[in-house]
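Below is one structure, written out as structure tokens, with a few remarks after it.
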Amino acid sequence: MEATAASLAKTTVDGVLQKVTGIAVDEVARMLGVRQDVWYIRGEMEMMNSFLKAAEARENDNIVVRTWVRQVKDLAYQIEDCLEEFSLHLENRSLFYRLRTLSTRRRIASNIRDIRAKVQEVSQRNLRYNLIKLSESSSNATFKDANLATRMDALVLEETELVGQAKPKKDLIEMITEKNEDRKVIWITGMGGLGKTTLAKKVFDSPELRNNFPCRAWISISQTFDPDYLLREILKQISKNKHDEIRTTEELIRCMGSELKQSAYLVVLDDLWTTKAWDNIEIAFPKNEIGCIVVTTRNKDVADRCNWDLKNIYELKLLSNESSRELLLRKVRRSDVTDLNDVTDKIIKKCGGLPLAIVTIGGLLATKSINEWKNLVERLGSELETNPSTEAIKEILNLSYYDLPYYLKPCLLYLSIFPEDFEIQRSRLIYRWMAEGFVRPKRGMTLEEVAEGYFYELINRNLIQPSNVGVDEGIRSCRVHDIMRELLVAKSIEENLVFIMEEQENMTPIDNFRHLAITGSKEMRTTNLHGVRSVSIFHAHVPSVISTPSKLKLVKVLDLGDAKIYDEELDDTESRNNVKQVIGHLGQFKHLKYVFIPYLNDINRLPNSLGNLRDLETLEMRSGITTMPKNIIKLHNLRRLRIGGFGYVEAALPKGIGNLKELQVLKRVNLGRSHRRVVGELAQLRQLRKLHVGNLGRGHYEKFSSSISELSSLRSLTIRLAESEEAAGGFLDSVSSPPDHLRSIKLRGWIGKLPVWVSSLYNLAKVNLWETRLDDEAIVVLQQLPNLLLLRLGPVSYVGAKLTIRSAKFSKLEQLYFWWLKNLEELVFEEGTSPELQTLGIGDCELKSGISGAEHLPKLKKLILYSGVSLQQQ
């Protein structure tokens with residue numbers, strides 16, 4: 001675990017060095033009379049940083065070295081805590097303030113002198129015990145010299161390419177489609193990492209089952225789960241109707257029975273852990289002969305006890321040596337390793353036919369030179385040769401973890417905060433990484449770009465799994481494999497990094513942890529949260545201690561986005577009140593950099609103290625607030641801003657919004673309630689990449705168009721016209737120079753025609769249109785866009801009765817959707833059109849004359865027909 005401790009210590013020390021360096025720090029240090037002490041600490045921490053690099057590179061198991069590294073880490077934490085409080089004085093250096101806070105200054109000065117003494121002692125210990133020699137070479141040297149592009153290409157392997165699953169897939173489809181007199185339950189069992197989920201997904205997505213089972217749902221189940229929540233999720237997927245009015249479990253069960261009773265349904269319950277979980281869910285499924293449930297579980301005993309018919313249990317086997325070799329070669333991007341047969345044989349034997357182990361090791365080998373392969377095999381250990389268990393996979397994953405550069409290790413460990421099976425949005429993760437100080441600036445790149453690089457490096461190393469891949473936005477979210485999460489949680493707890501409060505646990509956490517994650521406990525008996533840097537709440541109530549700034553003096557991240565505040569079964573009034581208190585006290589959490597508050601419909605204002613949060617980078621509040629506070633313009637470090645709820649609940653811009661020069665994302669803005677001069681200030685936000693505005697009326701057209709012309713960094717633009725506007729087409733024609741790199745446009749409202757410059761947007765990849773009332777002229781323009789990947793035509797977006805997709809047009813289009821086009825009677829695809837189209841979705845369109853020319857779409861994989869579609873001919 002030394003590499004873990006060393007990387008954490010180095011990350012913390014880097015942050016300390018940034019804080020302890022600078023003219024402002026020197027000035028306040030002089031004022032406090034500790035200038036020499038700060039200089040000494042700075043110099044010693046720089047040396048410790050160098051020693052930590054050597055400690056991490058050696059991956060030494062020497063217990064004395066590990067002890068010293070952890071002492072450095074703990075010391076760095078103490079210095080960071082002291083400097084956080086110290087930094088509050090940087091903004092308040094008036095004579096009145098100096099006199100008023102004499103006792104505080106004495107206390108901080110005393111703390112700094114104590115820390116100097118501790119730094120001196122830790123430094124002397126390294127010399128005293130001769131712990132680390134800087135001359136030792138790093139085992140990562142070859143890795144660092146590897147070609148980045150080649151490595152990334154070699155690391156990409158889609159789960160659907162896993163070998164050895166053709167027969168299991170065929171067997172399962174036959175089991176599912178076999179006639180039965182009663183509801184069928186198929187169990188897929190096997191150890192973690194064997195590919196149960198991958199196999200079930202292949203079966204679930206197979207065309208033959210799509211035709212046989214039109215009513216379908218896929219549900220992932222955690223160890224700690226809420227049966228009502230799962231039943232609601234199933235209803236969302238199988239039903240066209242909303243069921244928000246349902247209050248009790250009994251009503252949920254009755255509703256599901258009604259929906260499924262006469263339906264040929266296929267439901268997958270992925271990763272079931274206990275018989276109790278099955279008992280709570282199974283009762284909701286009607287026992288009709290055309291229904292089928294597929295359950296994956298790593299515990300065969302659960303399948304045995306829950307299933308009376310053993311023939312419906314499919315035990316997934318380990319991969320054969322031949323399949324293992326094929327998978328390994330795919331992963332390392334080599335067609336032949338004859339010269340390394342002995343090495344690959346050892347690797348395959350150690351992996352024991354476990355796909356996760358093979359993919360992970362393959363990803364590791366892809367980053368290494370051939371000469372390093374033999375050394376790597378010797379480091380794997382012998383456990384997999386005899387017992388390919390979860391612990392063995394952890395050993396494999398440990399190797400991948402230790403091979404990470406130091407800056408990625410804290411980013412990966414940080415994922416232990418999120419619950420099992422949680423879908424982690426990429427944007428949410430990278431902005432949290434930034435707030436925690438994990439992301440280091442790089443010349444010529446924004447912090448967001450650097451952080452996204454971290455994200456994709458973890459993806460390419462198979463340490464996190466992509467879960468939602470956008471057409472143009474790359475991987476939008478990820479999940480952490482269960483086994484990997486177990487490893488990360490164990491490491492985080494050992495390093496005193498994260499304290500996780502699980503379901504129904506009322507615990508007092510250990511002292512001096514940095515991150516608090518609450519996943520199910522309502523109350524927490526603790527008095528010491530002084531060192532906590534982040535608070536995250538997932539599917540749990542908000543405890544009162546979170547709303548007390550004095551207990552969370554140094555918190556940087558306050559993520560309540562998934563807290564329970566509208567629970568239909570439990571009284572969550574206290575939880576909502578605690579969130580309201582958090583909002584009321586927001587300005588007192590003076591170190592906050594990231595704030596995510598869940599939807600509260602009765603919050604209509606923010607406190608004036610918000611202006612105190614000078615370090616704030618992300619503010620996301622889904623609420624009923626319609627006016628941003630005036631002092632938000634003081635938050636010069638703000639990079640992501642969204643204040644507004646669902647539907648048309650958007651916030652007006654305050655005067656001075658142009659001061660927020662670092663803004664990258666600005667969403668839910670109500671331009672109709674903003675002054676024209678304020679709309680003109682948008683032009684000053686030159687870093688803006690995403691802009692979402694609503695209620696745009698004629699009085700703001702000129703200012704808004706002028707501002708858009710100045711936003712050269714803009715990538716995504718969403719505009720909702722005021723509902724009273726009619727035939728507003730041409731208002732954007734005055735944009736003199738549209739952003740060349742614009743990749744996404746969403747327009748809602750009666751424009752009648754597209755802006756003339758749309759045709760010049762070479763990089764435009766996504767277009768979403770609602771209520772735009774466009775004619776064939778606009779469709780011609782869209783068909784000529786050279787890099788368009790996705791087009792959605794929503795309600796009243798197109799007014800013609802016949803829409804023809806012309807030959808040799810839409811050269812790169814992959815997804816095409818039509819919604820609520822009531823006037824559309826015929827859809828025609830000419831020969832030679834849309835050669836890359838894979839998905840065609842049609843909903844609530846009568847299409848009286850049908851679809852013609854679908855056979856001209858060579859790559860069409862999905863034809864999605866939603867409610868209201870009536871095809872007379874196809």
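Decide, for the stretch 650-742, between rounded, prolate and oblate: order the square roots of the alpha carbon gyration tensor eigenvalues as a ≥ b ≥ c, take rounded if a/c falls under 1.5, and otherwise choose prolate if a/b is larger than b/c, else oblate. Judged from the Cα gyration tensor, the stretch 650-742 comes out oblate (a/c at least 1.5, b/c at or above a/b).
Restricting the GluC sites (Glu not before Pro) of the stretch 767-874 to loop positions (DSSP other than H, G, I, E, B) with no more than 16 neighbouring Cβ atoms within 10 Å leaves 830, 831, 836, 846. Between residue 317 and residue 249, the FRET efficiency estimated from the beta carbon spacing at R0 = 41 angstrom works out to 0.60.
Remark: spin-label model distance residue 274-residue 855 equals 5.7 nm, labels positioned 7 Å along the Cα→Cβ axis.
Under the simplified labelling scheme, the residue 205-residue 737 pair shows an inter-label distance of 4.3 nm, with each label point 7 Å from Cα along Cα→Cβ. For the stretch 716-874, the relative contact order comes to 15 percent (Cα pairs under 8 Å, sequence separation of at least 6).
Beyond 18 Å between alpha-carbons counts as too far, so tell me which of 812/859; 667/746; 822/861; 690/766 fall in that bin. Cα-Cα > 18 Å for 822/861; rest within.
Under 4 °C and 1.567 mPa s, how fast does the stretch 403-460 diffuse according to Stokes-Einstein, given a Kirkwood radius computed over C-alpha pairs? Answer in µm²/s, whole number.
Working: Rh = 11.8 Å.
Translational D for this selection: 110 µm²/s.
Applying 1/(1 + (r/R0)^6) with R0 = 60 Å to the Cβ-Cβ distance of residue 469 and residue 67, what FRET efficiency is obtained, to the nearest 0.05? FRET efficiency, residue 469 to residue 67: 0.85.
From the alpha carbon centroid of the stretch 277-318 to that of the stretch 469-496 is 28 Å.
Applying the Karplus relation 6.51 cos²θ - 1.76 cosθ + 1.60 with θ = phi - 60° to the stretch 268-283 yields 3J(HN,Hα) values of 9, 9, 8, 6, 7, 9, 9, 5, 4, 4, 4, 4, 6, 9, 4, 4 Hz, where x marks Gly and Pro.
Here the simple spin-label model places points 7 Å from the Cα toward Cβ, and for residue 237 and residue 655 these points are separated by 5.3 nm. Checking the a/c ratio against 1.5 first, then a/b against b/c, what shape does the Cα gyration tensor give for the stretch 536-650? It comes out oblate by the Cα gyration axes.
Reported to the nearest whole Å, the Cα centre-to-centre distance from the stretch 342-357 to the stretch 800-853 is 49. For the stretch 598-656, the set of chymotrypsin sites (Phe, Trp or Tyr not before Pro) satisfying both a DSSP loop assignment and a count of at most 11 other C-beta atoms within 10 Å is given as 646.
No lab work stands behind these numbers, since they all come straight from the coordinates. Not measured: the values here are computed from a predicted model. Cβ sites come from the backbone with ideal geometry, for glycine too, and all protein chains shown count toward neighbours.
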